[in-house]
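The values are calculated or read from the model by the stated rules, or taken from the named source; none is laboratory data. As the structure is a computational prediction, the values presented were derived from the model and not from experiment. We place every Cβ from the backbone using ideal geometry, glycine too, and count neighbours over all the protein chains shown.
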């Protein structure tokens, strides 16, 4: 109850998390089984976590970690399958949770930067994003002292609304959607999304679509995955990108997406 839309991560370590409630401002410490071990201020939860880290001899991350950032109305649990797929390839990964509907992209990026600021054992990261998560990471890349000590090896974006999303405009203007996505709706509008800095790291884009003139959603002009148009995912004409024949919700665990991610992690263009 509220785990997806009222809590944002502030620290992640070996499956343990300190999260902040976006309504009350208080923090909680969750263990790897999602059981609350402490609550109160961030400093109190951090002190309690340090005790638990020593007691349970928690294993630190490897020096390189894949950080997965979800989209609207989601949480880090959506990446369980992808995380297992990465683990089989001996790659450490973690999912970052943020209260996607409750704040702006800038606030979500600040929360992500806070997590990265507390990555004491990690020297390099690769970001894998889904939908709105791409905008959060693009903002985080442009701010924060964490970049002085952590190398960003790349950004792999799945269904990113890099140029905004016409579907978000439609939802924000009708019925309960106006309340549901109001805090972040402005950031999904084309004018606002395009103002975000272009990533200064290697990136690749996977878009969903039918590969034809019409996409999965007949009410959106052009090829689309049901929510985001292929054209809206692109940042430049020469982007390394790939269109997967799948709707928005099936892209993350699609085998073609995983093959593209494997190529990206190996430093090979996904469109080759």
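Just one of (1) assigned by TED's automatic domain parsing to the domain that holds residue 136; (2) touching a strand residue (DSSP E or B) at 6+ places or on another chain (Cβ under 8 Å) trips up residue 271, so point out which.
The number of the failed condition is (1).
Quick one: residue 125 ticks every box in (1) in a helix (DSSP H, G or I); (2) at pLDDT 95 or above except a single one, so which number is it?
(1)
Tell me, yes or no, whether the stretch 90-103 has at least one residue that is more than 17 Å from the chain's Cα centre (by Cα) and free of Cβ contacts under 8 Å to residues at least 24 places away in the same chain.
At the first step, the residues of the stretch 90-103 found to be more than 17 Å from the chain's Cα centre (by Cα) are 90-91.
Then drop every residue that is not free of Cβ contacts under 8 Å to residues at least 24 places away in the same chain, which leaves 90.
Checked against the condition, which is being more than 17 Å from the chain's Cα centre (by Cα) and free of Cβ contacts under 8 Å to residues at least 24 places away in the same chain, the stretch 90-103 yields at least one hit.
Within the stretch 227-236, does at least one residue satisfy the condition of being within 20 Å of residue 101 (Cα to Cα), assigned to a loop (DSSP other than H, G, I, E, B) and in contact with a strand residue (DSSP E or B) (Cβ under 6 Å, 6 or more places away or on another chain)?
no
Of the residues 37, 17, only one is in a strand (DSSP E or B) and in contact (Cβ under 8 Å) with a residue 60 or more places away in the chain; which? Spell out how you get there, then give the answer.
Working: 37 fails: in contact (Cβ under 8 Å) with a residue 60 or more places away in the chain.
Checking each option against the conditions leaves just 17.
Is it the case that residue 134 is farther than 20 Å from residue 15 by Cβ, crowded, with 17+ Cβ neighbours inside 10 Å, under 17 Å from the mean Cα position of the chain (by Cα) and in contact (Cβ under 8 Å) with a residue 24 or more places away in the chain?
Numbers: farther than 20 Å from residue 15 by Cβ: yes; crowded, with 17+ Cβ neighbours inside 10 Å: yes; under 17 Å from the mean Cα position of the chain (by Cα): yes; in contact (Cβ under 8 Å) with a residue 24 or more places away in the chain: yes.
Yes.
Would you confirm, using the coordinates I've provided, whether residue 80 is touching a strand residue (DSSP E or B) at 6+ places or on another chain (Cβ under 9 Å) and more than 24 Å from residue 155 (Cβ to Cβ)? Steps first, answer last, please.
On the way: touching a strand residue (DSSP E or B) at 6+ places or on another chain (Cβ under 9 Å): yes; more than 24 Å from residue 155 (Cβ to Cβ): no.
Criteria not met by residue 80.
Out of the residues in the stretch 198-219 that are outside any loop (DSSP other than H, G, I, E, B) and touching a helix residue (DSSP H, G or I) at 6+ places or on another chain (Cβ under 7 Å), which is farthest from residue 162 (Cα to Cα)?
Residues of the stretch 198-219 outside any loop (DSSP other than H, G, I, E, B): 203-208.
Next, from what is left, pick out any that are touching a helix residue (DSSP H, G or I) at 6+ places or on another chain (Cβ under 7 Å): 204-208.
Working: 204: 12, 205: 10, 206: 12, 207: 11, 208: 14 Å.
Filtering first and then ranking leaves 208.
State which residue is modelled with the lowest pLDDT when the search covers only the stretch 180-197 and only residues that are exposed (fewer than 13 other Cβ atoms within 10 Å of the Cβ) and in a loop (DSSP other than H, G, I, E, B).
Filtering the stretch 180-197 down to residues exposed (fewer than 13 other Cβ atoms within 10 Å of the Cβ) leaves 182, 191, 194-195, 197.
Retained after the next criterion (residues that are in a loop (DSSP other than H, G, I, E, B)): 194-195, 197.
Numbers: 194: 84, 195: 87, 197: 89.
Ranking the qualifying residues of the stretch 180-197, first place goes to 194.
If you check 172, 142, 168, which single one turns out to be out of contact with any strand residue (DSSP E or B) (no Cβ under 8 Å at 6 or more places or on another chain), closer than 18 Å to residue 98 by Cβ and at pLDDT below 80? Can you show your working first?
Values: 172 fails: closer than 18 Å to residue 98 by Cβ; 142 fails: at pLDDT below 80.
None of the others qualify; the one that does is 168.
Taking residue 100 and the conditions (1) surrounded by 15 or more Cβ atoms within 10 Å (Cβ to Cβ); (2) not in a loop (DSSP other than H, G, I, E, B), which numbered condition does it fall short on, given that it satisfies the others?
Condition (2) is where residue 100 drops out.
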